[in-house]
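Scroll down for the structure; my scribbles are underneath it.
Where a number appears in this text, it was derived from the coordinates with a stated rule and is not lab data. Only a predicted model underlies this, so the values are computations on that prediction, with no experimental measurement involved. When we count neighbours, we look across all protein chains shown, and the Cβ atoms used for this are built from the backbone with ideal geometry, even at glycine.
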Amino acid sequence: MSRDYRFPDQFLWGAATSAYQIEGHPLADGAGPSIWERFSHTPGRVVYTDTGDRATDHYHRYRADVELMSKLGLTSYRFSIAWARILPDGTGRVNDSGLAFYDKLIDALLEKNIAPMVTLYHWDLPEALDARGGWLNRDVADWFAEYARVAFRAFDDRVPKWVTLNEPWVVMDGGYVSNVLAPGHCSFREAPTVTHNLLRAHGSAVQAYRADGRNEIGLVVNLEPKYPASDDVEDLAATNRADAYMNRQYLDPVFLGAYPEELLAIYGDSMPEIPSEDWPLITTPFDFLGVNYYSRNVVRDAPDTAPLDVARVRQSLHVHTEMDWEVFPAALTRVLVWIKDRYGDIPLYITENGAAFQDPAHVTDGHVDDPLRVSYFREHLRAAHDAIEQGVNLRGYFAWSLLDNFEWSYGYGKRFGIVHVDFATLERTPKASARFYSEVIASHGAVLAGA
Ligand code: IFM
């Protein structure tokens with residue numbers, strides 16, 4: 001007998017994007033530059049000298065994109081606000097034209113009964129704030145709360161769900177340690193300060209929301225379950241270090257009020273002094289947690305491998321995406337159940353899940369066949385359903401991404417979209433995965449029972 005994969009009636013079916021990756025025209029209508037403006041225009045930072053200057057031109061085509069979402073049957077859309085569009089200097093002066101863009105986008109979504117989920121920070125810090133120390137400056141928590149208040153005042157009457165930060169681990173590791181994302185630092189010693197300030201900024205925005213807001217606010221983390229390559233004690237310890245660094249670094253503080261012990265040992269004397277008032281701020285309760293899940297990681301002990309003495313053991317027999325990420329849906333179920341067991345029953349959303357695969361070079365007769373992506377979505381949606389069956393309070397799923405877009409330092413070479421974008425003409429063509437996702441939505445998941 002085939003299984004029943006129907007999801008709860010109120011389950012949100014969405015797709016996600018972020019401002020710099022799709023909007024284009026990042027300096028239009030009075031916006032200030034962000035760290036991505038500088039980074040992408042610095043030779044050698046992004047492949048093929050790609051930038052977000054035009055991206056998918058969503059800034060002008062948002063109405064057509066909302067129409068597309070509606071045709072696909074989406075019930076929610078997760079996007080981010082570019083901080084420097086509405087506060088060009090990061091603080092102080094508000095740019096009404098920047099607010100107007102998001103105002104029109106939100107209204108267009110509501111006209112189609114698509115519920116906005118709005119992320120305040122998806123990696124594009126205003127350049128003016130980076131010049132003042134960016135995430136290394138403790139004041140960033142106040143700057144972020146000021147910006148958040150402007151957004152809440154403008155849009156909370158129409159935005160049911162807010163997200164403070166997207167993937168703080170990536171902001172810290174990619175931007176300050178591995179030197180692959182803006183602002184492009186390469187300093188493990190900066191890591192704990194950046195982490196702590198991200199957590200304080202998150203807490204400050206949640207507190208600002210509690211004063212002014214009337215709906216829900218949450219945090220989005222990227223989680224990558226770590227599996228030991230063997231049962232050796234060294235490999236098990238390496239697995240714990242990798243897990244503490246990537247998965248528990250943000251969740252233990254917000255839910256348990258402490259950094260993981262392994263992490264304190266890893267950071268040693270680069271850990272900043274923590275004033276006692278920081279913990280009540282960081283542990284301010286919030287309404288939901290978003291999980292971005294793409295892959296797992298099998299690891300082994302690797303002495304002298306900076307910074308954690310851990311190495312990845314690539315599972316070459318398994319399918320990998322164009323990002324070289326292993327396709328492993330069972331770890332999605334596992335990580336959702338782990339959150340419930342470790343941190344409690346907070347409502348969860350899968351706020352990103354998807355894959356970059358090599359799509360056909362051309363759109364043929366209005367079709368783009370992407371069978372590997374269809375299979376990726378099918379298996380991960382089944383894994384999400386398994387988690388619900390195991391008691392996880394999962395309330396929604398957002399495919400990454402609605403459109404092919406600017407994949408950061410990889411430029412436009414990695415296509416994650418369920419909708420193909422021709423970057424010469426900017427024409428949009430829903431791929432087979434978009435049609436599949438549409439059928440999943442229309443059937444509340446029932447079609448997942450098919451082969
Ligand atoms: O494109 C990114 C997104 O901005 C954040 N999460 C992961 C995606 C794929 O790398």
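Each of the peptides 146-158, 429-441 was scored by the mean count of other Cβ atoms within 10 Å over its residues; in descending order, highest first, they stand as 429-441, 146-158. Ordering 29-35, 399-405, 91-97, 104-110 by mean Cβ neighbour count within 10 Å, with the highest value first, yields 399-405, 29-35, 104-110, 91-97.
Within the set 112/414; 112/340; 226/340; 104/340; 71/104; 226/414, which residue pairs have Cα atoms separated by over 26 Å?
Details: 112/414 30 Å; 112/340 33 Å; 226/340 17 Å; 104/340 37 Å; 71/104 19 Å; 226/414 24 Å.
Over 26 Å apart, Cα to Cα: 112/414; 112/340; 104/340.
Report the paramagnetic label zone for residue 379: residues of region 316-353 whose backbone N is under 16 Å from a point 7 Å from Cα along the Cα-to-Cβ axis. Residues passing the 16 Å test: 316-335, 353. Quick one: grab the alpha carbon gyration tensor of region 226-338, order the square roots of its eigenvalues as a ≥ b ≥ c, and give me rounded if a/c is under 1.5, else prolate or oblate depending on whether a/b is larger than b/c. Verdict is oblate for region 226-338.
Evaluate region 3-98: find the radius of gyration of its Cα atoms, find its Kirkwood radius, and give the ratio Rg to Rh. Intermediate results must be reported in sequence, preceding the final value.
Working: Rg = 16.8 Å, Rh = 15.4 Å.
Here Rg/Rh amounts to 1.09.
Think of each Lys and Arg Cβ as +1 and each Asp and Glu Cβ as -1; about the Cα centre, that makes the dipole of region 235-282 roughly 140 debye.
What value does region 151-246 have for Rg/Rh, both radii from Cα atoms and Rh as Kirkwood defines it?
Ratio of gyration radius to Kirkwood radius for region 151-246: 1.11.
Rounded, prolate or oblate: pick one for the chain, where a ≥ b ≥ c are the square roots of the eigenvalues of its C-alpha gyration tensor, a/c under 1.5 means rounded, and failing that, prolate if a/b is larger than b/c, else oblate. Rounded, since a/c falls under 1.5.
Could you tell me the calculated FRET efficiency between residue 94 and residue 316, based on Cβ-Cβ distance and R0 = 51 angstrom, to the nearest 0.05?
Details: r = 52 Å, r/R0 = 1.03.
E between residue 94 and residue 316, to the nearest 0.05, is 0.45.
Rounded, prolate or oblate for region 308-406? Axes are the square roots of the Cα gyration tensor eigenvalues, ordered a ≥ b ≥ c, and the cut-off for rounded is a/c under 1.5. Oblate.
Only helices enter this figure: runs of n ≥ 4 DSSP H residues, each worth -39500 (n - 2.57), summed and divided by the residues of the chain, yield -10500 deg cm²/dmol at 222 nm to the nearest 500.
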